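Down below is the structure, laid out as C-alpha cells.
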Amino acid sequence: MKALQYTAIGAPPEVVEIPRPTPGPGQVLLKITAAGACHSDEVIMGLPAELYRLGLPLTLGHEGAGVVHEVGEGVTGVAVGDAVAVYGPWGCGRCHSCAQGKENYCQDAEALGIRPPGLGAPGAMAEYLLVDDARHLVPLDGLDPVTCVSLTDAGLTPYHAIKSSLPRLGAGSTAVVLGVGGLGHVGIQILRAISGARIIALDLTEAKLALAREMGANDTVVSDEGAVAAVRALTAGRGADAVFDFVGVQATVDIAMAVVAMEGEVAIVGIGGGRASVSFIGTPHDASVRSPYWGSRSELIEVFELARRGQIEVEVERFSLDDAARAYERLHAGTLRGRAVIVPGG
Ligand code: NAD
Ligand code: ZN
Ligand code: ZN
C-alpha cells in the first residue's frame, strides 16, 4: 500500500510503498477515507536528531477516518463496512485517567510503549491504518469523512481547552483566540456554540482575520506590537477572561500573558516553544496558565454532535496521497485556509 512517511531527519516526507498490515487479535484495519495534516507534524519534522523520539520511518497522520476493512480475532462493536473516525490519543484503557475516557492523559501509555497513530505508531496518511482497539473508533453516522476527519484533533483539542474554561466564559465575558489556522478556526466556532463570550481573534494576515470573522469572531486584531493595546482597548482595559493560544511561540505567549484579565486563564495549546512567566507583581491577580493536550473520548463524541447539528464545520483543502507532501509545504507557508485533508485516491 502507499503511505506518506517521514524517512530521514530534516527531509521532506515522501510517498512510499509498504506492506498492508493484517489485524491481530483485538485490532481493526481501516481503509482510509481521509487524513488531516496538523502543524504538530511539522513541529516533529523540524526536530533535530537528538530531540526526535518517534522512530523512523514514521507514517504520518494523527487525524484519520476510514471504513472498517478487516477485524482481528475477538473484535466486537464494529463490523466490516462501518464508517468511522479514529480517536487518536491512545492510552492503556485501564488506568484512572483512561477509566474516565481521558486517554489523552493516560498515566501508563509511555511506560507501555503505546503511541498515537502518526505520532509513534504508523499513521493515517496511507491507504490502510491499523487501529489497536475498537474503542478508539467513533462512528461517523452520516458525517462526511473529508470535512469531519479533522474534528478528531483540530476540533477535539480546542474543544477540550475551551470546555474547561467555560466557568469563566459566561455572558459578557471575552475570549481571545491567537492563531486562526486548523485549530483556531474551529476554536472560534466552538466558542460561539458553547460559550457566551465575545471573541477577539488574532493572526498575522488579513486573509486569516477575514476567515476568523466568517467563523464568528466579533473582533479581529493583527498580531503585532500593537496587539496588546488593541485587545485592552476592546475590553475597556479589563483584558480577556480566557486566552487560547493556538500558536504558542514566544510572541503569542507574551501577548496572551499581557491581555489576560484578573482571574482569567491562558491556555497554551500551540507547540511553538514559547514560555510564560508568572509572578505576583507581573501577573494579573489569580490568573492561571494551562497547557492542555488533545481531548477525551467523550469530548470527541460531543464534538461530533456539534458537527451533526451544524454548529461547527471545518474548512478543508483537499490533497491526494501522491500530493500529500505539498499539503505540508502549504502548511509551512501559512497559506492554507483551514485544514489540509489527504484523500487517498482522491
Ligand atoms: P496551523 O498552521 O494550521 O495554524 C497556525 C496559525 O497561527 C496560522 O493561521 C498562522 O498564520 C498563525 N500564526 C503564526 N504566527 C502567529 C503569530 N505570531 N500571531 C498570531 N498568529 C500566528 O496550525 P494548527 O494545526 O492549527 O496547530 C496550531 C498549534 O497547535 C501548533 O503549534 C500545533 O503543533 C499545536 N497543536 C497542539 C495540540 C495540543 O494537544 N496541545 C494539538 C494539535 C496541535
Ligand atoms: Zn495535531
Ligand atoms: Zn491509561
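Throughout, read-outs are computed from the coordinates displayed, never taken from laboratory work. These figures come from a predicted structure and were not determined experimentally. Here the Cβ positions follow ideal geometry from the backbone for every residue, glycine too, while neighbour counts run over all protein chains shown.
Okay, residues lined up against (1) surrounded by fewer than 14 Cβ atoms within 10 Å (Cβ to Cβ); (2) among the small types (G, A, S); (3) under 18 Å from E63 (Cβ atoms):
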position: S279; (1), (2), (3): yes, yes, no
position: G282; (1), (2), (3): yes, yes, no
position: H285; (1), (2), (3): yes, no, no
position: R309; (1), (2), (3): yes, no, no
position: I312; (1), (2), (3): no, no, yes
position: R318; (1), (2), (3): no, no, yes
position: A325; (1), (2), (3): no, yes, yes
Matching option when the condition is within 16 Å of ligand 3 (Cβ to nearest atom), more than 24 Å from D141 (Cα to Cα) and surrounded by 22 or more Cβ atoms within 10 Å (Cβ to Cβ), among A109, A121: A109
Kindly list the number of the only condition in (1) acidic (D, E); (2) surrounded by fewer than 23 Cβ atoms within 10 Å (Cβ to Cβ); (3) within 10 Å of ligand 3 (Cβ to nearest atom) that fails for E103. (2)
Do we find that V67 is among the β-branched types (V, I, T), free of Cβ contacts under 8 Å to residues at least 60 places away in the same chain and out of contact with any helix residue (DSSP H, G or I) (no Cβ under 6 Å at 6 or more places or on another chain) in this structure? yes
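Conditions (1) over 21 Å from A201 (Cα atoms); (2) among the hydroxyl-bearing types (S, T, Y); (3) out of contact with any strand residue (DSSP E or B) (no Cβ under 7 Å at 6 or more places or on another chain), marked per residue:
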| position | (1), (2), (3) |
| --- | --- |
| V247 | no, no, no |
| D254 | no, no, yes |
| E265 | no, no, no |
| V269 | no, no, no |
| V278 | yes, no, no |
| S288 | no, yes, no |
| V341 | yes, no, no |
| G346 | yes, no, no |
Based on this model, can you work out whether Y128 counts as within 13 Å of ligand 3 (Cβ to nearest atom) and of a type in the set (F, W, Y)? no
Going residue by residue through segment 195-202, is there one that turns out to be of a type in the set (G, A, S) and part of a helix (DSSP H, G or I)? no
May I ask you to list the residues in segment 245-272 that are within 16 Å of ligand 2 (Cβ to nearest atom) and assigned to a loop (DSSP other than H, G, I, E, B)? F246, V247, G248, V269, G270, I271, G272
Under 8 Å between Cβ atoms, at least 6 apart or on separate chains: pull out the pairs that start in segment 31-48 with a residue that is closer than 14 Å to L331 by Cα and assigned to a loop (DSSP other than H, G, I, E, B) and end on any residue that is near ligand 1 (Cβ under 10 Å from one of its atoms) and of a type in the set (D, E, K, R). C38/E63; C38/D153
Can you pull out every residue in segment 273-321 that is within 16 Å of ligand 3 (Cβ to nearest atom) and in a loop (DSSP other than H, G, I, E, B)? Y293, W294, G295, S296
Assess whether D82 counts as being of a type in the set (D, E) and within 16 Å of ligand 3 (Cβ to nearest atom). no
Picked from segment 233-252 (must be farther than 13 Å from A197 by Cα and of a type outside the set (A, V, I, L, M, F, W, C)), the residue surrounded by the fewest Cβ atoms within 10 Å (Cβ to Cβ) is G237
Would you mind stating whether L151 is farther than 17 Å from R297 by Cβ and in contact with a strand residue (DSSP E or B) (Cβ under 9 Å, 6 or more places away or on another chain)? no
Regarding segment 179-189, can at least one residue be identified that is surrounded by fewer than 16 Cβ atoms within 10 Å (Cβ to Cβ), within 27 Å of R308 (Cβ to Cβ) and not hydroxyl-bearing (S, T, Y)? no
